[in-house]
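Data first, discussion second: the structure below is written as structure tokens.
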Amino acid sequence: MGHLPDTTQWYSSSLGVVTRAEIIAIVASKLRLPEARAEKLVSGIFDAMTVAIQRGEGVEIRGFGSFTVRKYGAYKGRNPRTGQALNVLPKRLPFFKTGKELRNRIMGTRKILGGP
């Protein structure tokens, strides 16, 4: 399938965090689009992912990772400041799991002992 590009040659963030605006600028540069069109493209992708996750569906981007919704039941907890017992309501939270290709790029490719 598709391979992740080597982004070290065309992108470097001085803050150590890539913002939405920087993603838009990168897409505009790589695809030679006006920033307004790149913004619509990036926003459309994020909107589609958000809607799917809100519906409880997973979003899988091969080689990058998958987004799912994890459900947590209600439980009794404590206020850490006062120690007072309280009921925590059930909730649904987004969860991200890295894909194998991204994980290998972050960790550096490692050979498994005894493997080929």
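Some observations on this one:
- Region 29-68, subset closer than 18 Å to T98 by Cα and among the hydroxyl-bearing types (S, T, Y), residue nearest to the chain's Cα centre (by Cα): S66
- Within region 30-51, residues that are farther than 25 Å from F67 by Cα have Cβ atoms under 6 Å from residues that are in a helix (DSSP H, G or I) and of a type outside the set (S, T, Y) in these pairs: E35/A28, counting only partners at least 6 apart in sequence or on another chain.
- Counting the residues of region 56-93 that are within 30 Å of I106 (Cβ to Cβ) and touching a strand residue (DSSP E or B) at 6+ places or on another chain (Cβ under 7 Å) gives 15.
- Of the residues making up region 25-52, those that are assigned to a helix (DSSP H, G or I) and more than 26 Å from L93 (Cα to Cα) number 13.
Where a number appears in this text, it was derived from the coordinates with a stated rule and is not lab data. Nothing here was measured: the structure is a model prediction, and the numbers come from that model. Methodologically, a virtual Cβ is constructed for each residue, glycine included, from the backbone with ideal geometry; neighbour enumeration extends over all protein chains shown.
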